[in-house]
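Worksheet: one structure, shown below.
The values are calculated or read from the model by the stated rules, or taken from the named source; none is laboratory data. None of these values were measured; they are calculated from a predicted model. When we count neighbours, we look across all protein chains shown, and the Cβ atoms used for this are built from the backbone with ideal geometry, even at glycine.
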Amino acid sequence: MDEPLKDSSESARKRCFVSLKWRALLLTSIVLLLMALSSAWLSYHNLTAQSLEQREQASAARQREWQALTAQAGDRLRQLAALIPSLPGLRNALQQRDQTAAFQALDAQWAALQLDLGLDIVGLYDADGQRLARWEVEPDQQLGPRFEAMLARAAQTETAQTVLDCRPYCVQYLAQPVLSGGRSVGVIVLGVNLADLLRNFAAVSGADVGLLRFGPYGDRQPALGRIESWAAEVSALTNPAASLPVLQAVSEAYPNPGSSGLVQVRLDERTYEVLVAPLPAAPGDAPIRLVVIADISRSVQAIRSATREVLTAGGIGWLGAELLLLGILWRPMSRLRTTANTLPLLAHGRFDLVRRTIARQVRSARWRTSDEIDRLDATTMHLADRLEALESEVDARTRTLARQRDELSRERDFVSSLLEAAQVAILTLDADCCIVKANAFAASLCACTPLDLIGRRFDTLLLAEGGFDIVARMQALASSDQHLRHDSLLAGRDGNLRNVTWQHTRLHSTQPGDPVYLVIGLDNTERRGAENRLAWLADHDVLTGLANRRRLQEELALMLSAAQRQGRIGALLMLDLDQFKYVNEADSHESGDRLLKNVANALVREMANAELVTRLGGDEFALLVRDTSEDAIGAIASQVNAVLSRVYCTISGQSHHVSACVGVVLFPAYGSSVDELLAHADYALYQAKEAGPGHWHLYTDADRARERLQDRVLWKDRVARALAEDRFQLYLQPIMNIRDGSVSHYEVLLRLLDVDGTVHGASAFVDAAERSGLILQIDRLVVHRAIKLLAELHRSGRQIHFSINLSGHSFGDADLLPLLRQEILDSGVDPSCLIFEITETAAVADFAQASATILAIKSLGCHFALDDFGIGFSSFTYLKHFPVDFLKLDGSFVRQLPDTPEDQVIVRAVQQIAVGFGKRTIAEYVENERTLALLRDVGVDYAQGYHVDRPRPVSDFFPMLAGGPAPLS
């Protein structure tokens, strides 16, 4: 045991040892001393506060006593003033302003007024304030502005006035008007010296009292002295021998008398409390203050004695508590020290010695109650047993750790095999961007083995355009926690190029030589191929493989620019197949598709002089000729029909020749922009169609429809400017559920706000937008704004449905579906709240494409409506193939429905067919209640028209969106 105890002692000597009992005594002493001091301070504070409160109450009481005494003196003066005018001859003397008569009337009574009634001053004044007679005890008393103001107020108001004036003695004056015949004939002034009043107040309050007059006092001598620092004279003061030094001391301590109030001052081992209170004074007059001096030495001494007694009692209690605590702690601390010296033995495995030592302590304390030290001894015994048991478990735990190490090794091997099997390239690089390790997939991309890659710089794997600065960018990555991502071409040893997306990450390693970068490569070769195919689809027609309108516009712009620079003549030929709708309707849309493919193949194969052959949509094609002339273009246009005449189509077992109307425009003579050339070619095609099937027309200056064409161009420019300046606005028109009269949903309509404020409907600009190709931008604008507006309404708690119109051109737009999907995803709107409309004519023009697009959009969760239903003579043929949810009856059948039996028959037939196909119907142009009632009888589901509500701006329907639809972003 000696050796462990020695080690413990050496460890203890390294730090200053202070026993817990002394720490407890020290801390207890501090706490008890603080408590004693706190008790003394609280006692002193409470006594002081109590004394101050009592003195403040006494001060307030003294002020009230002073006010009561002065009020009593004033009442007495008023009583005397009321009696004096009744003396014989006095009223007449005042009325006649006779000084001699006034003096004789009152002089005989002056002695009695002075001795019996205590008056010091009696004066008689006429109505103008001129003195008639005056009697006074102290002839030195001066009459100042206070006195003159009092006389003036008494004469003016004809009421008694009082004033206190100290010149040099303090006198309380009363001015009483004397009335005769209902008017004032003079004023009687009575004055009484306040010396007796002050003595009475001092006797009642037990304190000295005085009056101070502030302000200039000239060369006269004050009654009792001056307070120089306050610029005040002592006009009256009880016990002046003792009180004047106190006032001097207060004035020195508080130079500003206005802020003194109730203050304390110590003088000649005595403590005085002084109250300086202002008395009422006229505005601009020298102030007079009441001074009350009280000796509070006995109260202050009592507080100090009580505080000393509290401190003495606290000190005695502190000493007794410390002695008691020392006696309580001595024995337990000795046991605790023994236990502390024993505990280090456990570290040496001497468990039996620990048990014996602790057991002796337990036996010596068995007659006392248990405490924390007994629990500590029990815990030590338990700890000895537990440590002895744990020592026997060390070997078992060691074996367990060995097994865990083996498991970790197996996991490491599994991770390594997983990296090798992963279908991504995984590389680790050192600080110089040299490959430290590569998995099998990375080696397969490079057509080599992993060992061939070890030591190679990473940028040597990439083609120059992909890796020229990659090393510098990766070294910059080493000083940050960011990631680096880039695409590059990887050249394998077999010569194949792979398109790979690389992700670089810095590794946080503390060991030198460990890899610095982790590089993961994803082979995107197949995905890029798919993207290239999508890019091809964006510029080509899916059905025929020809270039589409977008590609035509691009190529036409290049040719137009080249022709302008080189002075050559090019030609744009736009053709429309004759009777194509007949082929579609008489046979099937498969026959129509077959015919379109045959026409496309024939044009590409035999029109060698055409630089580009494109399909614009439906049965419209276009050809671009780079170098021609006005004389040669007729032969080219005739060649088109010659080529088409060799294309046959079979309908109901019979072969038919194909022909087309061709519109031709030369450039740059007849157009300086792509849109202008397309418009001219479209007009030329229109002229060819008017001439009949198989005809062609060359656009010239002599065309009779130039004004109409210019109008189209004008509208095209107006639409383009409106798009650029964001002047398109959304309007809404409600669609009513006929059964219950509620609003089922709203149709989203588009209006163009012109620069002059005119609002144009869609019919004014849609045709120009379709012909110029701007209709796609308009469709996207409407879809974006409508979905964003619908999302805002949903977030405000309104479950609204919108119906949105799509043009036929959008059904050939490869970007429509991805755009719509992204808009729904970004806005979070419920796609089931969206209904898209397409006109029947547009749908039938390219049935296969329309049907596929409708199915794709419906797969997102949206609904579809077929607009203007009934105007196509093949509507019922295609209706069973169109996956639409609503049929919108064309307005031509609804406007005159109550008065036209034929329209009623058509509407009933369409309604029955719609019910049979499981589709709902919407009637447009419902203008009156008769039409609505008839539609209700027929069973039409919904009504739309001015009778329900007219199209209005969004803010009219939803005021919380007063800003209108969200701007295009």
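Residue 736 satisfies every condition listed in (1) closer than 30 Å to residue 688 by Cα; (2) in contact with a strand residue (DSSP E or B) (Cβ under 8 Å, 6 or more places away or on another chain); (3) of a type outside the set (Phe, Trp, Tyr) except (1).
Among the residues of region 496-519, are any among the acidic types (Asp, Glu) and either at pLDDT 70 or above or touching a Ser or Thr at 6+ places or on another chain (Cβ under 6 Å) (or both)? Scanning region 496-519 turns up no residue that is among the acidic types (Asp, Glu) and either at pLDDT 70 or above or touching a Ser or Thr at 6+ places or on another chain (Cβ under 6 Å) (or both). Scanning region 455-464 for residues that are outside any helix (DSSP H, G or I), surrounded by 14 or more Cβ atoms within 10 Å (Cβ to Cβ) and not basic (Lys, Arg) returns a single hit, 462. Evaluated against (1) surrounded by 21 or more Cβ atoms within 10 Å (Cβ to Cβ); (2) at pLDDT 80 or above; (3) not assigned by TED's automatic domain parsing to the domain that holds residue 245, residue 153 falls short on exactly one condition, (1). Please work out which residue is modelled with the lowest pLDDT, limiting yourself to region 620-643 and to residues that are within 20 Å of residue 814 (Cβ to Cβ) and of a type outside the set (Gly, Ala, Ser). Here the answer is 620. Count of region 555-574 residues, restricted to those that are out of contact with any strand residue (DSSP E or B) (no Cβ under 9 Å at 6 or more places or on another chain) and in a helix (DSSP H, G or I), is 5. Residues in region 104-137 that are in a helix (DSSP H, G or I) and buried (at least 17 other Cβ atoms within 10 Å of the Cβ): 105, 106, 113.
Condition check ((1) part of a loop (DSSP other than H, G, I, E, B); (2) modelled with pLDDT of 80 or more) across all residues:
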| residue | (1), (2) |
| --- | --- |
| 192 | no, yes |
| 196 | no, no |
| 217 | yes, no |
| 220 | yes, no |
| 223 | yes, no |
| 241 | no, no |
| 244 | no, yes |
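Of the residues making up region 681-695, those that are assigned to a helix (DSSP H, G or I), touching a residue at least 40 places away in the same chain (Cβ under 8 Å) and farther than 14 Å from residue 634 by Cβ are 681, 682, 685, 689.
Matching residues to (1) in the same structural domain as residue 51 (by TED's automatic domain parsing); (2) touching a residue at least 40 places away in the same chain (Cβ under 8 Å); (3) aliphatic (A, V, I, L, M):
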residue	(1), (2), (3)
231	no, no, yes
235	no, yes, no
250	no, no, yes
255	no, no, no
262	no, yes, yes
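Does residue 360 satisfy being among the basic types (Lys, Arg) and modelled with pLDDT of 80 or more? Taking the combined requirement at face value, the residue does not satisfy it.
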